[in-house]
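All remarks here apply to the structure that follows.
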């Protein structure tokens, strides 16, 4: 049975006897009844939240979040362009359940679908996510929170995909799509960083068209930065996603050209995870809901409504790169220079002898070159002569 606001207020008073409260109101925790939560107003009009976990899982989540709050020091908080809560006191109810009293974070949940690309609000979101990812890794390591490198991120997702396939309920076109993306090393090239791990429109708060606060820090870890963009990809507005990533990238030292691809992949996998949740709970309503969403997504993939996830084939990334290349090449041609473009070539080590011919620029698009020797000629119809290969060489 849920605790009344008055009981929660009594627990809060026990935890912070020096604070006098004048009002208490029930506050939805957004966790399906896993927490009893109330909003307290002090006599000085400051606001606090008192929260008690109702289940063992919720209690574990609260303990992890408490460690995260303690790990993010005042110096770290000063680098964040938004507020996060602090624990001001704690108590226990008659059953020994911990009651945490937290500073209230002001703002309203963000409706990401209403945020315009390249707006002040979208830029604030990009800066907020970048600030989280710029946190010192010691925040996570010293708090003994989870750390996942690139291989572990992929392994966890592949294992998850295997469980989805085992249900026999996921359309084959989606299984193939997700498996191809997870196996594409050009997509999974990123620098693991501190991530929030659970960003959503519910726990990213906005005020005056800017991010004012971020809640729910129990999933804080080192992992793939793209996970913190999945909630934006869910809107289906890729112009918005690209604009937020543009701002984000301007405030990050690490380059990540396939961030949008992985964010979209994680967004789609969330539907599969919803199916797994329904199956584990034997909840047919959840299963039917997930199957409906999977069916819609499979149709969009089959009809080409959504683009491919792999590498530079991802629509927005490819279009952006192509536009930049075209502009660069046109600029060279305007200067009277001859351009030869070689596309999609993979060679183990090549030396290009530009002096051998009257060519001013050679562009190799999506190529991996390490050594060997080819001669570039200005006759575009002539095939490129590659070094002879031994029987056990693939390229």
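The values are calculated or read from the model by the stated rules, or taken from the named source; none is laboratory data. Computed from a prediction, not measured in an experiment: that's the story for all the values here. Because the Cβ atoms are built from the backbone with ideal geometry, glycine has one as well, and the counts that use them run over all protein chains shown.
Determine whether residue 159 is surrounded by fewer than 21 Cβ atoms within 10 Å (Cβ to Cβ), free of Cβ contacts under 8 Å to residues at least 24 places away in the same chain, in contact with a helix residue (DSSP H, G or I) (Cβ under 6 Å, 6 or more places away or on another chain) and assigned to a helix (DSSP H, G or I). For residue 159, the condition - surrounded by fewer than 21 Cβ atoms within 10 Å (Cβ to Cβ), free of Cβ contacts under 8 Å to residues at least 24 places away in the same chain, in contact with a helix residue (DSSP H, G or I) (Cβ under 6 Å, 6 or more places away or on another chain) and assigned to a helix (DSSP H, G or I) - is not met. Of the residues examined, residue 312 is one that is in a helix (DSSP H, G or I), at pLDDT below 95 and either under 22 Å from residue 192 (Cβ atoms) or touching a helix residue (DSSP H, G or I) at 6+ places or on another chain (Cβ under 7 Å) (or both). Do we find that residue 177 is in contact (Cβ under 8 Å) with a residue 40 or more places away in the chain, surrounded by 14 or more Cβ atoms within 10 Å (Cβ to Cβ), out of contact with any strand residue (DSSP E or B) (no Cβ under 8 Å at 6 or more places or on another chain) and over 30 Å from residue 111 (Cα atoms) in this structure? Criteria not met by residue 177.
Mind listing whichever residues of region 205-234 are within 13 Å of the chain's Cα centre (by Cα), buried (at least 23 other Cβ atoms within 10 Å of the Cβ) and under 20 Å from residue 119 (Cα atoms)? Walk me through how you get there before you give the answer.
Residues of region 205-234 that are within 13 Å of the chain's Cα centre (by Cα), as a first pass: 219-234.
Cutting the leftovers down to buried (at least 23 other Cβ atoms within 10 Å of the Cβ) gives us 220, 223-226, 228-229, 232-233.
The answer is 228, 229, 232, 233.
Is it fair to say residue 280 is at pLDDT 95 or above and more than 16 Å from residue 122 (Cα to Cα)? It is true that residue 280 is at pLDDT 95 or above and more than 16 Å from residue 122 (Cα to Cα).
Reported count of residues in region 281-296, each being farther than 13 Å from residue 169 by Cβ and in a helix (DSSP H, G or I), is 2.
Which of the residues spanning region 180-193 are farther than 26 Å from residue 293 by Cβ and touching a residue at least 12 places away in the same chain (Cβ under 8 Å)?
Let us first name the residues in region 180-193 that are farther than 26 Å from residue 293 by Cβ, namely 185-186, 189-193.
Of everything in region 180-193, those that are farther than 26 Å from residue 293 by Cβ and touching a residue at least 12 places away in the same chain (Cβ under 8 Å) turn out to be 186, 189, 190, 191, 192, 193.
The condition of being closer than 29 Å to residue 125 by Cα and more than 23 Å from the chain's Cα centre (by Cα) holds for only one of 66, 27, that being 27.
Anything in region 14-58 that is farther than 16 Å from residue 104 by Cα and without any contact (Cβ under 8 Å) to a residue 12 or more places away in the chain? List them, or say none. If the condition is that a residue be farther than 16 Å from residue 104 by Cα and without any contact (Cβ under 8 Å) to a residue 12 or more places away in the chain, then 17, 18, 32, 56 are the ones that fit.
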